[in-house]
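Here is the structure we will look at.
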Amino acid sequence: MQPLPFRATAVPLMLALLLAAAVPGVRAERADRNLPLNFAADSARVDDLRQVTVLSGNVEISKGSIVIRADQVEVRQSPDGYQFAVATGGPGKRASFRQKREGSEEFLEGEAERLEYDARADTVKLVNQATLRRFRGSTLADEVAGSTISFDNTTEVFQVLGGPASPVASGRVRGVLTPRDAKSSSATGSGKP
């Protein structure tokens, strides 16, 4: 297999970095930024002229503690340098991501039929059958589920919407938020979930 040119690997790299950085109140593992991006897929299509990269079939992207799995990942770059990415799970499957939080033994995991990232707005959306979990070590601490989960990294606000595409049978939003003890709140910063 012949290596792809730097420009071709830079676009998926931005997807991994941007998806990981967009989770509110969560600081990405800083060491992840300096580590190489690895990806595997059944196929890759790079269109340098249109600034579009498409990875298809059993896609796995990893960069340090960041892992993204999807059936397909498409990344577009605007003329002004912003990236827009969509990861899809394929028929009957969900795309997923996992990342370690900075300075703690906490991990975030999210999955949905579609993960969308908008670098210009600095937002991430988990769309259809969306679930987000926070683990403290190997213990599940927090979990929210709904039709759509939206993150705004600038304001550190997230919103969970219900609807027919919710993984909850009633279509409502569901969640469990575990209180932090004083020790873990001070170790991770703000004490936000």
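Taken together, the values in this text are just the output of simple stated rules run on the coordinates, not laboratory data. In this text, all values refer to a predicted model and were calculated from it rather than measured experimentally. Positions of Cβ are generated from backbone atoms using ideal geometry, with glycine treated the same way; all protein chains shown enter the neighbour counts.
Under a plain spin-label model, where a point goes 7 Å from the Cα along Cα-to-Cβ, how far apart in nm are Q159 and D48?
With each label point 7 Å from Cα toward Cβ, the separation is 4.1 nm.
Cross-link partners among aspartates and glutamates for K93, C-alpha distance below 16 Å, same-chain residues fewer than 8 apart left out?
Hits, sequence-local ones excluded: E60, D71, E109, E111, E113, E116.
What number results when the radius of gyration of region 82-166, computed over Cα atoms, is divided by 2.2 N^0.38 Å? If you can, show how the numbers build up before the last one.
Details: Rg = 12.9 Å, N = 85, 2.2 N^0.38 = 11.9 Å.
Relative to the 2.2 N^0.38 Å estimate, region 82-166 comes out at 1.08.
Between V168 and E109, what is 0.36 nm times their sequence separation minus the Cα-Cα distance? Round to one decimal in nm.
Details: separation 59, 0.36 × 59 = 21.24 nm, distance 1.76 nm.
Computed gain between V168 and E109 is 19.5 nm.
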